[in-house]
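Notes follow once the structure below has been shown.
Read-outs: derived from the displayed coordinates by stated rules, not from any lab. Values in this document were obtained by computation on a predicted structure and should not be read as measured data. When we count neighbours, we look across all protein chains shown, and the Cβ atoms used for this are built from the backbone with ideal geometry, even at glycine.
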Amino acid sequence: MKNFCKEKRFVGLAPIAVVSYQCMTVYVMAVAKIIRTENIKYMENITADKSNIAACGLYCGACRKFLSGKCPGCKNNEKASWCKIRQCCISKGYHTCAECERDVRECKIYSNFISKVFALLFNSDRPACISYIREHGEIEYAEEMSKRKCQTIKRK
């Protein structure tokens, strides 16, 4: 039991608690370093492309799965048929909800339970994304998200 330790370390800016045997601590830190290295590698490949904007306003062009080729993005993902927002935009011929005259905060399709959970988990303000697209256009939004290297505007 003398190899047992408890301490707090950081992976990037995220604090993690390490409670393990020494060999496991080394393994956890090695995995964290690999993940951080992979994220840096993918983040270097972010480009501004309005076709990478999802119907809800997320920027798929900054998603690790999209950048690694594991996902075609929400717009081209046939497996995303569960997404009511995507279905609504396709049925109306819109690229994003920014083209709709309704306020997304009042739209029952956009502001559903899943979107509220998503917003909480990822600190995401997707209505702000739609507002940005409406004010500045899709191209400028894609450029801004590429510059920020993130998929969404964060909640304040």
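Extension gain, E106 to S68, is 10.2 nm, computed as 0.36 nm per intervening residue step minus the present C-alpha separation.
May I ask for the net charge around Y59, where only other residues with Cβ less than 14 Å from the Cβ of Y59 are counted and Lys, Arg are +1 while Asp, Glu are -1? Intermediate values should be presented prior to the final figure.
Working: positive: K50, R64, K65, K75, R126, K147, R148, K149, K154; negative: D49, D125, E138, E140, E143, E144.
That sum, taken over residues with Cβ under 14 Å, equals +3.
Per-peptide packing, taken as the mean over residues of other Cβ atoms within 10 Å, places 123-130, 103-110, 139-146 in the sequence 123-130, 139-146, 103-110 from highest down. Among the listed pairs K92/K149; K79/K116; K50/K156; K50/K149, those with a Cα-Cα distance over 23 Å are K92/K149; K50/K156. Shown is the FRET efficiency for I90 and F118, computed with R0 = 22 Å from the Cβ-Cβ distance and rounded to the nearest 0.05: 0.65.
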